[in-house]
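What follows is a short report on a single structure.
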Amino acid sequence: QVQLVESGGGLVQAGGSLRLSCAASGRTFSSYAMAWFRQAPGKEREFVAAINRNGGRTDYEDSMKGRFTISRDNGKNTVYLQMNSLKPEDTAVYYCAANLFGLSRAVAAFGNWGQGTQVTVSS
């Protein structure tokens, strides 16, 4: 098991940027593929981006490509999501998740979740 704590959310104007962080407890962080998901009110939780164990491979939902960047620092047990050119439709609670089995876009593939951080983009 790994414990995950997100931070960095907030209120930003459209076109602005935010950097989310997800700090993991434990000494096995580098064993986990990591991902970011988001959930807007009344909507299903959706995939945003994922990164493999050593950071050499990433995957993005199409609408986030070119705007969002996922990265990780295994020495700091932290995964990041840099979000640029934010849009009002990016407003959601953002969650990080850990998966021992590798890159995935499926919510069901992730057994470890943080509590989420709210991102609100005003128009």
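The values are calculated or read from the model by the stated rules, or taken from the named source; none is laboratory data. Being a predicted model, the structure only gives us computed values, none of them experimental. With ideal geometry, Cβ positions are generated from the backbone for all residues, glycine too; neighbour counts draw on all protein chains shown. Each accessible area value is taken on the protein alone, full model and side chains, heavy atoms only, with ligands, DNA and RNA left out. Shrake-Rupley method; radii C 1.70, N 1.55, O 1.52, S 1.80 Å.
For the stretch 23-69, the set of residues classified as within 17 Å of Gln118 (Cα to Cα), in contact (Cβ under 8 Å) with a residue 60 or more places away in the chain and touching a Lys or Arg at 6+ places or on another chain (Cβ under 9 Å) consists of Ala35, Phe37, Arg38, Gln39, Arg45, Phe47, listed by residue number. When Met34, Met83, Met64 are checked against the criterion of being open to solvent by less than 10 Å² (accessible area, probe 1.4 Å), of a type outside the set (S, T, N, Q), modelled with pLDDT under 95 and closer than 26 Å to Gly16 by Cβ, Met64 stands alone in meeting it.
Among (1) within 19 Å of Val121 (Cα to Cα); (2) open to solvent by 60 Å² or more (accessible area, probe 1.4 Å), where does Arg105 come up short? Going through the list (1) within 19 Å of Val121 (Cα to Cα); (2) open to solvent by 60 Å² or more (accessible area, probe 1.4 Å), Arg105 breaks only (1). Each residue in the stretch 48-89 was checked for being under 21 Å from Ala106 (Cβ atoms) and outside any loop (DSSP other than H, G, I, E, B), and 15 pass.
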